[in-house]
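Asker: Below: one structure in structure tokens.
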Amino acid sequence: MSTIYTAPICELKEFNNLFIELTAKNCNQRCKHCYIDFPLNKNVKDFISIDTIKEALNDTLNENLECIYLTGAEPMTHPDFNNILRLCLKRCNVCIFTNGSFINEKKARFLKRVEGESNFEIIFKLSIDHYNEVKSDDIRGRGTYRQVLHAIKSLVKYDFNPILCITDYYNEGSETLISEFKKEVCNKIGFAAKDNNFKINKWHNKNNHSENTETFSWKTLDCEYGRILTEKGIYTCPFLANDHRGRCGSSFKDFSHKNNLETDYCQTCIKNKEALFGINYSLFKE
Ligand code: SF4
């Protein structure tokens, strides 16, 4: 007898996290594990307009936003990045998802000044995938390990407290990764990182279509606490940005609060247990 599979439905519990995709396809790196399908041409001009962001901020005035996340591909490639950052900081905390290649001491000093002009804080989620330089460069590209280390050092110098985002590409487990990162990376550059400075996520292998998970248990999903704005409209989460399966509407004036957990991405989220993209503030503030 065959069993009929029905995907569970998920509902937005509270709209705390607004993700904004500043560009869908612009990134100066080509990481092996990235879930984005990049075009061959590196010079795509697909940046979101500042007017679209202003409209979204206006339409979400009644929501209890805790954090705005600037995402991409690489959000710091947006030509109007600084103005977008200032605009979002008028509303709440802003988290920048970045590979760190645009951050040096001068930029960190400037970002500290921008933060100082606002009542909120800037949080950085920096992607670095291995504590070993050769392995990390193998995943993210030659020279990227040193770039991100320089970014971390620069941010720490200006009193930022970055979160290191690690995709567990070699399936080593959180405990090993955190202890090796502290020893091999943080100690060497003078970053007194605590456990909550690390966010370890499962790797979503887009070439490996996973089986449906039989047990649907998780702590938090990104689609329960947020939505992503892109130039094309509103979607459930960064994984499903611009994907018709995650479409929630064209603006925040009227958008869907429900979605089916029917994609391979959802399987990765469910297996990850914790939200992959949103910050768990209760841990971060410890
Ligand atoms: S990919 Fe994850 S966050 Fe996105 S809709 Fe599926 S379960 Fe929710």
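Asker: If I filter segment 250-273 down to residues being in a strand (DSSP E or B) and either buried (at least 20 other Cβ atoms within 10 Å of the Cβ) or in contact (Cβ under 8 Å) with a residue 12 or more places away in the chain (or both), which single residue comes out as farthest from the ligand (Cβ to nearest atom)?
Answerer: Of everything passing the filter in segment 250-273, 251 is farthest from the ligand (Cβ to nearest atom).
Asker: Something else: For segment 120-137, how many residues meet the condition of being in contact (Cβ under 8 Å) with a residue 24 or more places away in the chain and either of a type in the set (S, T, N, Q) or under 15 Å from residue 151 (Cβ atoms) (or both)?
Answerer: Matching residues across segment 120-137 total 9.
Asker: Another question about this same structure. Is at least one residue of segment 115-124 among the hydrophobic types (A, V, I, L, M, F, W, C), assigned to a loop (DSSP other than H, G, I, E, B) and crowded, with 20+ Cβ neighbours inside 10 Å?
Answerer: The answer is no; no qualifying residue exists.
Asker: Quick check on segment 114-121. Is at least one of its residues out of contact with any helix residue (DSSP H, G or I) (no Cβ under 9 Å at 6 or more places or on another chain) and more than 21 Å from residue 177 (Cα to Cα)?
Answerer: Scanning segment 114-121, I find at least one residue that is out of contact with any helix residue (DSSP H, G or I) (no Cβ under 9 Å at 6 or more places or on another chain) and more than 21 Å from residue 177 (Cα to Cα), so the answer is yes.
Asker: Continuing with the same structure: Does residue 98 satisfy being surrounded by 17 or more Cβ atoms within 10 Å (Cβ to Cβ) and farther than 19 Å from residue 235 by Cβ?
Answerer: yes
Asker: Further question: Exactly one condition in (1) over 30 Å from residue 64 (Cα atoms); (2) of a type in the set (D, E, K, R); (3) not in a helix (DSSP H, G or I) is not met by residue 175; state its number.
Answerer: Condition (3) is where residue 175 drops out.
Asker: For segment 229-246, how many residues are over 18 Å from residue 58 (Cα atoms), outside any loop (DSSP other than H, G, I, E, B) and touching a helix residue (DSSP H, G or I) at 6+ places or on another chain (Cβ under 8 Å)?
Answerer: Here the count works out to 4.
Asker: So, one more: With the requirement that a residue be farther than 20 Å from residue 179 by Cβ and of a type in the set (S, T, N, Q), what does segment 122-166 give you?
Answerer: 144, 147, 154
Asker: When you go through 52, 71 one by one, which is the residue that is surrounded by 14 or more Cβ atoms within 10 Å (Cβ to Cβ), modelled with pLDDT of 90 or more, hydroxyl-bearing (Ser, Thr, Tyr) and more than 16 Å from the ligand (Cβ to nearest atom)?
Answerer: Residue meeting the stated conditions: 52.
The values are calculated or read from the model by the stated rules, or taken from the named source; none is laboratory data. Values in this document were obtained by computation on a predicted structure and should not be read as measured data. A quick note on method: Cβ atoms are made from the backbone with ideal geometry, for glycine too, and the neighbour counts reach across all protein chains shown.
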